[in-house]
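The values are calculated or read from the model by the stated rules, or taken from the named source; none is laboratory data. Keep in mind that what you see is a predicted model, and the values were worked out from it rather than measured. Note that we place each Cβ from the backbone using ideal geometry, even for glycine, and neighbour counts take in every protein chain shown. Keep in mind that these areas ignore ligands, DNA and RNA; they rest on the heavy atoms of the full protein, side chains included. Shrake-Rupley method; radii C 1.70, N 1.55, O 1.52, S 1.80 Å.
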Amino acid sequence: MAQPARPPTGYPSQNGAGQQPYSNGPVQNQLMHSSDGQGYSPSVPGLYSHQMPAKVPPHQTSGQYNYSGSQNVSQLNNYQGPGQTLNRPPVAPFSGSPVQQTGPVPQVLLPALQNSAAISSAGSFPPGASPPVLSNWQYSQTPVSQPVGSQTSHLAHMTGTGSAQPPSSLSGDTNPPGNYQYAASPGGPPLQNSYMKPGSAPPPVTQPLTPLHPPARPPLGPPPVGGPPLIRPSTLTAGPPNTQSLLNSAANRDGNATSAASDGSVVQNSYDAIEGGGLMATPHPSPAPPNLKMNRSVGYSYPTLPPGYQNTSPPGAPGMQASALQYPDGSKHFHQPALGTNHLTASMGGLSLQQEGLRPVNLLQERNILPMTLLKAPVPNLHEDIQKLNCNPELFRCTLTNIPQTQALLNKAKLPLGLLLHPFKDLSQLPVVTSSTIVRCRSCRTYINPFVSFLDQRRWKCNLCYRVNDVPEEFMYNPVTRVYGEPHKRPEVQNATIEFMAPSEYMLRPPQPPVYLFVFDVSHNAVETGYLNTVCQTLLDNLDLLPGNTRTKIGFITFDSTIHFYSLQEGLSQPQMLIVSDIEDVFIPMPENLLVNLNENKELIQDLLRTLPQMFTKSLETQSALGPALQAAFKLMSPTGGRISVFQTQLPSVGMGALKSREEPNQRATAKDIHLTPSTDFYKKLALDCSGQQVAVDLFLLSGQYSDLASLGCISRYSAGSVYYYQSYHHKHNPVQVEKLQKELKRYLTRKIGFEAVMRIRCTKGLSIHTFHGNFFVRSTDLLSLPNVNPDAGYAVQMSVEESLTDMQVVSFQSALLYTSSKGERRIRVHTMCLPVVTTLSEVYLGADVQAITGLLANMAVDRSVSATLSDARDALVNAVIDSLSAYRSSVLSIQQPGLMAPFSLRLFPLYVLALLKQKAFQTGTNARLDERIFTMCQVKNQPLVYLMLMTHPSLYRVDNLTDEGALNINDRTIPQPPILQLSVEKLSRDGAYLMDAGSVMFLWIGKNCGQSFISQVLGVPNYGSIPQNMHSKKRLAMIKFLRTVGAD
């Protein structure tokens, strides 16, 4: 295949969107001035047709490109397989017509608008509403008469933090549309009268703020003029309309949780329209009603009820007839006085409480600056009751917990502004809400959250765009408390992290089944490593633990210089191998029998896994056709989407995607000549195709030789997959790697997974997101395509202050992840974070999160290494520290002191950057092999912050003298909490034993004079001289696993 003239530059910081340079104001720190090296527009070029058996060339679609020409296919075990011609022009910024749907798409309803206004089927919108902005991914309908099997899979869902499965339902009933289900009682107080923490200085207020008072206080202003209008009798039943209080996690239901919208509907043709555009997608938000004053101050709590509301019981309460209940329409404006000293603390009161964060630290004199416990994220300077409602920093974290009011102030601080997310994290408790009404802002599509303002009982103001929205009638009832008229106490307004069961309007097609395809390298080199025995046995042990339901499908492909498919058709006595030898024009033989139902064909699948390791033991084939095997896997998975797990042991040598060695061991020390960019764009193009069909590819590289991970890694990066690397894997010579593969593969197979996901990050008006980091594809301006989402993936974004935040006391950020669970449920996981706005440089430094800053800079440094050179990235990291500490010294310190001065909040900044420079991703010298360096860069871009920091700066504990002092009691077990030691040789003693937690690996260091009791009881050997060099057995690592919980709290 002819390669394009300009290959991509490799790891651009934004997958498909342009990058803005990171500016440090007057003194530029040229950190990550990487241009967009992809050359692809957010829309993905034309895709394969779904029907693969026919060798007839399909109709070409505008924007398609060619992977291989039409060639004859050899016979395959007496099976004459038809072929297929794939015609695609080279990828370029997409300007052709939208991709046409090849099959029928089920009609999808538009998300219900919060004012209950109907939308006509013709696509008209109510007055004042902004139509959703459609992305370039269009899905047009075709006649219903077409076969369902020809439908193109254009599904995507929102990503969210990985969480543990919610508790099972208390009832087996499936609730009809309109019911509400909650997995946990939200608890927590209502919004209070101030966002600022007691003792802090208030920001400048440019206009009177209007505090809202709790219902217990007297009403403000005159009562409504005239009598309140009568409520329609149809809405006054013995309970709230169409509602019911239930406790249900809705985690074990098969099928999708859908509910038809009560208003008119339009067929949605893109995920951008379904999820709803952000601020960037709605440049002209609908104006607020003219009788409402739109200011940027944020309301604080629910107001008192007007006279017509007071002393009334919920509908249907004893002693009252429903027809007698009358409610005002809530359209009156509440005139309220400005905030007084009881709402915001005295201007100087907070300085004494916050001096510790600004205390200057002389890094040349103070040696013990590392805390003895795990470093916590700084707490935003918000009111205590508001902070209780804020998002957990393990899920959503900002580099600055005090947001600068202007970009000029941010530039002066010389610190990066960005977010770090772990949206799909495993959670022990997660409120799950099932409702026919998901309340969202009509303008920016923000989900209602704890930081919105309720102007009265019928209206709420968005905390991102400040539009005033109506409260839907169904939202007036709280199923947890069974009280009507308290929308501010519903779980959606009491939890910063919440998950919605999405109704049918959030679907482009029925939720896909879980589909898993395993692709194994069976060349001579792969057989020699012995990895097949480990992988197949681990699969056998965990086959019943694969996430899914009765619809789960599974398939297998092996390859060397040819491609081998395995028919698992029901009724066969043993699996049947089908060989395709024409790797230049791959086709799929018998596609209906290659992906089979796991439960219905479990015996055949188990037989295949038992025999597969022995099938190729005598193979002498040394070639590897990885590219054609991936093409075949993509064709097989295209109709449904799912996950492809690829195991590769060498450099691909034949067929499409063949590579040549680029590593020169003698030049590893020269930072200019290392090859960090892909040598071909084949794997990136294929990854974009996979992303468009909701297919993610996870790469397991088990190689002792150079395999060009810089090129191969693109297949996972742009399809939202993961990369695993096992250097010099061998089942006999490297038992540590064998156990590592077993552990990681078990976690990989059994962890929670989300399919066909999309994620969007929104922020308050005035802030903007300009760069994304992680494994995904940017489908539109701010919509991330995630065919698979897993709880071990992290993401980062860079931000800037686009407009002055003068009128604001706080700003908010919200991430929304729409995904399909392994049970076939469409879900939306939402995280919302609120942070204060500050006006002085000292306050910016006070709220600096040094770990989040280090994590964001590490992501930016990876991009800089690829777009420029490794030396440039190293210099930029050092300059980032110098610039910030210089700005602090010159602009904040009132008394100049000799030495290296840093604010207490940034005292660990130089230490963390020095640790980054020693990482294999950024270190110089001959120790780091090229694939190792690339793999470490992949980890930096894809790991959540907590694991990235452990990998960068591990935690060291002494474990031979553990005590109960400060210990934790978890499940009737005492977990000791020894202090964290600095990573210095002076902290090590020959008399002790030390455990170092580096995230993905742990090290146990035993001193020569360590106590005999510890060696015998923990390690199971009589003395120090009997300790083996390679401790990898499960028995000897039992204590290490127990100690893994040390410092976990």
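Scan the range 989-1003 and tell me whether some residue there is of a type outside the set (A, V, I, L, M), modelled with pLDDT under 90, open to solvent by 50 Å² or more (accessible area, probe 1.4 Å) and within 30 Å of Y724 (Cβ to Cβ). Don't jump to the end; show me each part of the working.
Step one: list which residues in the range 989-1003 are of a type outside the set (A, V, I, L, M), which gives 989-992, 994, 997, 999-1000, 1003.
The next check asks that each one be modelled with pLDDT under 90; those that pass are 999-1000, 1003.
Going one step further and asking which of them are open to solvent by 50 Å² or more (accessible area, probe 1.4 Å), we end up with 1000, 1003.
Still in the list and also within 30 Å of Y724 (Cβ to Cβ): 1000, 1003.
So far as the range 989-1003 goes, yes, one or more of its residues are of a type outside the set (A, V, I, L, M), modelled with pLDDT under 90, open to solvent by 50 Å² or more (accessible area, probe 1.4 Å) and within 30 Å of Y724 (Cβ to Cβ).
Taking only pairs six or more apart or across chains, which ones have beta-carbon atoms under 8 Å, a first residue in the range 440-464 that is more than 13 Å from T832 (Cβ to Cβ), and a second residue that is acidic (D, E) and surrounded by fewer than 24 Cβ atoms within 10 Å (Cβ to Cβ)?
These pairs meet every condition: R458/D329; R458/D470; R459/D470.
Among the residues in the range 883-904, are any closer than 30 Å to A720 by Cβ and out of contact with any strand residue (DSSP E or B) (no Cβ under 6 Å at 6 or more places or on another chain)?
Taking the range 883-904 and keeping what is closer than 30 Å to A720 by Cβ, we get none.
So far as the range 883-904 goes, no, none of its residues is closer than 30 Å to A720 by Cβ and out of contact with any strand residue (DSSP E or B) (no Cβ under 6 Å at 6 or more places or on another chain).
Give the range 353-378 a look and list any residue that's open to solvent by less than 90 Å² (accessible area, probe 1.4 Å) and at pLDDT below 50, or say none.
Matches in the range 353-378: Q354 only.
Return only the number of the condition from (1) open to solvent by less than 10 Å² (accessible area, probe 1.4 Å); (2) modelled with pLDDT of 95 or more; (3) within 19 Å of the chain's Cα centre (by Cα) that L712 does not satisfy.
(3)
Looking at the range 599-632, which of its residues are assigned to a loop (DSSP other than H, G, I, E, B), crowded, with 22+ Cβ neighbours inside 10 Å and not small (G, A, S)? I'd like the intermediate steps shown before the answer.
Taking the range 599-632 as the starting set, the residues that turn out to be assigned to a loop (DSSP other than H, G, I, E, B) are 599-601, 616-625.
Filter once more, keeping what is crowded, with 22+ Cβ neighbours inside 10 Å: 624-625.
Of everything in the range 599-632, nothing turns out to be assigned to a loop (DSSP other than H, G, I, E, B), crowded, with 22+ Cβ neighbours inside 10 Å and not small (G, A, S).
Hey, can you tell me all the residues within the range 480-508 that are assigned to a loop (DSSP other than H, G, I, E, B) and crowded, with 22+ Cβ neighbours inside 10 Å? It would help to see each step written out before you state the result.
Keep residues of the range 480-508 that are assigned to a loop (DSSP other than H, G, I, E, B), which gives 480-482, 485-486, 490, 494-496, 502-503, 507-508.
Once the filter is applied, which keeps residues that are assigned to a loop (DSSP other than H, G, I, E, B) and crowded, with 22+ Cβ neighbours inside 10 Å, the range 480-508 yields R490, Q494, N495, A496, A502, P503, M507, L508.
Residue check, E592 against (1) over 21 Å from Q512 (Cβ atoms); (2) more than 33 Å from the chain's Cα centre (by Cα); (3) open to solvent by 10 Å² or more (accessible area, probe 1.4 Å); (4) not hydrophobic (A, V, I, L, M, F, W, C), all met but one. Which one?
(1)
Filter the range 436-467 down to the residues that are part of a strand (DSSP E or B) and open to solvent by less than 10 Å² (accessible area, probe 1.4 Å) and list them by number. Can you show your working first?
Step one: list which residues in the range 436-467 are part of a strand (DSSP E or B), which gives 440, 447, 453-456, 459-461.
Matches in the range 436-467: R440, Y447, S453, F454, D456, W460.
Taking the options D883, D872, name whichever one is open to solvent by less than 40 Å² (accessible area, probe 1.4 Å) and outside any loop (DSSP other than H, G, I, E, B).
Details: D872 fails: open to solvent by less than 40 Å² (accessible area, probe 1.4 Å).
Result: D883 is the single residue among D883, D872 that is open to solvent by less than 40 Å² (accessible area, probe 1.4 Å) and outside any loop (DSSP other than H, G, I, E, B).
Name the residues in the range 421-435 that are of a type in the set (G, A, S) and either within 14 Å of Y819 (Cβ to Cβ) or open to solvent by 20 Å² or more (accessible area, probe 1.4 Å) (or both), would you? Give the steps one after another, and end with the answer.
Step one: list which residues in the range 421-435 are of a type in the set (G, A, S), which gives 428, 435.
Residue satisfying the conditions is S428 alone.
Okay, residues lined up against (1) open to solvent by 10 Å² or more (accessible area, probe 1.4 Å); (2) touching a residue at least 24 places away in the same chain (Cβ under 8 Å); (3) under 24 Å from F451 (Cβ atoms):
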site	(1), (2), (3)
E739	yes, yes, no
L749	no, yes, no
K765	yes, yes, yes
H773	no, yes, no
Y795	yes, yes, yes
V811	no, yes, yes
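Scan the range 945-1000 residue by residue and report those that are more than 24 Å from P393 (Cα to Cα), among the small types (G, A, S) and in a strand (DSSP E or B).
Scanning the range 945-1000 gives a single hit, A993.
Could you grab me the full set of residues in the range 526-544 that are crowded, with 21+ Cβ neighbours inside 10 Å and more than 30 Å from the chain's Cα centre (by Cα)?
Across the range 526-544, the qualifying residues are A526, V527, T529, Y531, L532.
So, of the residues in the range 968-978 that are within 32 Å of the chain's Cα centre (by Cα) and not polar (S, T, N, Q), which turns out to be surrounded by the fewest Cβ atoms within 10 Å (Cβ to Cβ)?
Looking only at the range 968-978, we keep the residues that are within 32 Å of the chain's Cα centre (by Cα), and these are 968-971, 975, 977.
So of that shortlist, the ones also not polar (S, T, N, Q) come out as 968, 970, 975.
Details: L968: 14, I970: 11, I975: 18.
It comes out as I970.
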